[in-house]
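Notes follow once the structure below has been shown.
Any read-out appearing in this document is the output of simple, stated calculations on the displayed coordinates, not a laboratory observation. Because the structure is predicted, anything quoted here is derived from the model rather than measured. Cβ coordinates were reconstructed from backbone atoms using ideal geometry, including for glycine residues, and neighbour counts include every protein chain displayed.
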Amino acid sequence: MPLILNGLPPLHWAFAGIGIAGVTLALLFVCSLVMRVPYFQRGAVVSGRAWRLPLLAGLVIGGFLSAVAGGGWEPTWELGVFDRAIGLGPAGKVAWMFAAGLCIGFGTRLAGGCTSGHGIFGLANFEMPSLITTVSFMLAGIATTHIVYRVFFPLVGGL
C-alpha cells in the first residue's frame, strides 16, 4: 500500500524502530546538555555526547534528503479524510488542534507521563506502570479510531 505522502512505497518496519531509537538518543543528548537533573547527568548519558550530536545532525540531514528525494516538501493545511468529513478552514483546524493538545496534556498529566515516555523509556526499564499505561494508550487509540471513522465521520457525512 503506498504512503499518503507523494505515493511513496512504505519502508520496512525496522526503519521505524531505528528512527525511534535515534530520537530517543537525541532526546537524551539534548536533555543532558540543558537539564541538571541527576537522571540526565549519569555517566551512561553524559559519556554518549560525543556520538549523539553527529547522530542528531544525521537525523536532520536524513529527513531533508528524504524530502528532496520524495519530490520535495511544503507546508499544507490539507488533512485528507478529516477535511472531507469535517471541512474546517485554517482557523477551525488550529482550534481543533489546540483542543486536542489540551486533551493530550490532560492525559499526559493523568498518566504520569507521555506515550513515548512510558512506551519507550518505561518499557525499556521493565516498569509495570508503564506497561499498564502503554496498553491503555493503545486500547484507547484503537477505540477512538473506530469511533471516529465508523460513527462520527458517517454522521457528519464525510465518508
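Out of 76, 133, 115, any idea which swings most in a Gaussian network model of the chain, alpha carbons joined below 10 Å?
Looking only at 76, 133, 115, the biggest GNM fluctuation is shown by 76.
Work out the length of the dipole vector of the chain about its Cα centre, built from +1 on the beta-carbon of each Lys and Arg and -1 on the beta-carbon of each Asp and Glu, and round it to the nearest 20 debye.
Approximately 360 debye in magnitude.
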